[in-house]
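The structure appears below as structure tokens.
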Amino acid sequence: MSINISISQIKEVTHQAYEEFKTNTVGKNADYIPFLANVDKNLFGISICLLNGQTITVGDTDYSFGIESVSKVHTAILVLQQYGAEEILEMIGADATGLPFNSIFALLLETDHPSTPLVNAGAIAACSMVLPKGKADEKWNAILNNITALCGSAPHLLDELYKSESETNFNNRSIAWLLKNFNRIYDDPPMALDLYTRQCSLGVTSTQLAITAATIANGGFNPVTKKQVFNSELAAPITSLIATVGFYERTGDWMYKSGIPAKTGVGGGIMGLMPGIMGISAFAPPIDKSGNSVKAQLAIKYIMNKLGLNVFSGKQINIVE
Ligand code: DON
């Protein structure tokens, strides 16, 4: 079955979603990182990037918020590009943990691999893998350049967030040293942890995340900058990682209800992608108990359901003028 979706329909449904949920007050800003507790809880934005590079935006889509765990996707792409898909499977893994993002228990259960680059243990391992090994500044440049290429423009470090996060990341410090204990970190642990903390502290807009998602949905070709950011063969493995664990222990529920692979961050951002069709991102700081933005989830689900978009539907979708 084939369905046509017009760009004006997408715009209309995006505005409807914004109006429907803008006054929703469910959820609470993340407070285990003090900086995040003080972000304006009423901020709300939705961005879509189509594969022709056109963006559709509503609300606070120019506001730079903490990318947090969404950055795990960007750096997973970087190490996939540097090492190849087989090597990532071997050195990190591609399984869901079924447990919270920062679970030490998950690491103790599977001591032979930290499961996936999209939970904290695997993301810290991924930062340790970034080349060139042993050179913090060059590794950081590689991480930042890759995020910039995916977003289509440079994100900026939120210094206060970085400070706040560095001063309170005791759980992640334990993860970094446990990885060392199990020989599953591939560079200096404090260095890898600092790179991870820094990438989480980058400020991005929902539009930059929608462009990232569209780039993945478009086989690694950024539709805005018109540049090939990563090898097109890596689009399927990275999308499978997002679909498997993008919402941590809530991923099954999310996929079941929304039909779109998506990745969340405790800064309130969610980035989702429909392969071959578009990237979408929504941002609103209040999160649920699993660390996922309440309003961003509602908005993305609403838009997908109203447009009849679902990766599992088997429908052929055509975006028309
Ligand atoms: O590792 C942390 O605690 C944060 N820097 C990132 C956590 C995060 O965004 C989890 N996702 N929803």
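For the range 1-27, the candidate set comprises residues that are surrounded by 15 or more Cβ atoms within 10 Å (Cβ to Cβ), in contact with a helix residue (DSSP H, G or I) (Cβ under 9 Å, 6 or more places away or on another chain) and among the aliphatic types (A, V, I, L, M); within that set, the residue that is nearest to Ser313 (Cα to Cα) is Ile5. Selection of the range 83-126 for residues being of a type outside the set (Val, Ile, Thr), over 15 Å from Leu234 (Cα atoms), more than 15 Å from the ligand (Cβ to nearest atom) and more than 19 Å from the chain's Cα centre (by Cα) yields Glu90, Met91, Phe105, Leu108, Leu109, Glu110, Asp112, His113. You will find that of Thr251, Thr212, the residue that is under 26 Å from Cys151 (Cα atoms) and touching a strand residue (DSSP E or B) at 6+ places or on another chain (Cβ under 7 Å) is Thr212 and no other.
When Leu80, Leu43, Leu36 are checked against the criterion of being under 30 Å from Gly122 (Cα atoms) and away from the ligand (no atom under 16 Å from the Cβ), Leu80 stands alone in meeting it. Applying the criterion of being of a type in the set (S, T, N, Q) and within 14 Å of the ligand (Cβ to nearest atom) to the residues of the range 170-212, the residue that is surrounded by the most Cβ atoms within 10 Å (Cβ to Cβ) is Gln199. Can you name the residue in the range 137-165 that is of a type in the set (S, T, N, Q) and buried (at least 16 other Cβ atoms within 10 Å of the Cβ) and is also nearest to the ligand (Cβ to nearest atom) among such residues? Among those that are of a type in the set (S, T, N, Q) and buried (at least 16 other Cβ atoms within 10 Å of the Cβ), it is Ser164. Selection of the range 56-70 for residues being assigned to a strand (DSSP E or B) and more than 16 Å from the ligand (Cβ to nearest atom) yields Ile56, Thr57, Val58, Gly59.
Taking every residue in the range 248-264 that is touching a residue at least 60 places away in the same chain (Cβ under 8 Å) and on the phi > 0 side of the Ramachandran plot and pairing it with any residue that is within 15 Å of the ligand (Cβ to nearest atom) and part of a helix (DSSP H, G or I), at least 6 positions away or on another chain, the pairs with Cβ-Cβ distances below 9 Å are Tyr248/Ser69. The strands (runs of 3 or more DSSP E) found entirely in the range 213-321 that carry 3 or more residues being more than 16 Å from the ligand (Cβ to nearest atom) and crowded, with 24+ Cβ neighbours inside 10 Å are 278-283. Filtering the range 93-109 to residues that are in contact (Cβ under 8 Å) with a residue 40 or more places away in the chain, buried (at least 16 other Cβ atoms within 10 Å of the Cβ) and outside any helix (DSSP H, G or I) leaves Ala94, Asp95, Ala96, Thr97, Leu99, Pro100, Phe101, Asn102.
How about the range 71-87: which of its residues are assigned to a helix (DSSP H, G or I) and more than 22 Å from Tyr162 (Cα to Cα)? Within the range 71-87, Ile77, Val79, Leu80, Gln81, Gln82, Tyr83, Ala85, Glu86, Glu87 meet the criteria. The single condition from (1) surrounded by fewer than 19 Cβ atoms within 10 Å (Cβ to Cβ); (2) in contact with a helix residue (DSSP H, G or I) (Cβ under 8 Å, 6 or more places away or on another chain); (3) in contact (Cβ under 8 Å) with a residue 12 or more places away in the chain that Ala30 fails is (1). Of all residues in the range 110-124, those that are crowded, with 24+ Cβ neighbours inside 10 Å and touching a Phe, Trp or Tyr at 6+ places or on another chain (Cβ under 7 Å) total 4. Report the residue count in the range 166-184 for those that are closer than 25 Å to Ile88 by Cα and assigned to a helix (DSSP H, G or I). The qualifying residues number 11. Screening Asp40 against (1) assigned to a loop (DSSP other than H, G, I, E, B); (2) within 16 Å of Gln208 (Cβ to Cβ) leaves a single unmet condition, (2). One residue stands out in the range 151-162 among those that are in contact with a Phe, Trp or Tyr (Cβ under 8 Å, 6 or more places away or on another chain) and in a helix (DSSP H, G or I): the one that is nearest to Ala214 (Cα to Cα), namely Leu161.
Taken together, the values in this text are just the output of simple stated rules run on the coordinates, not laboratory data. What you are looking at is a predicted structure, and each value in this text was computed from that prediction instead of being measured. Methodologically, a virtual Cβ is constructed for each residue, glycine included, from the backbone with ideal geometry; neighbour enumeration extends over all protein chains shown.
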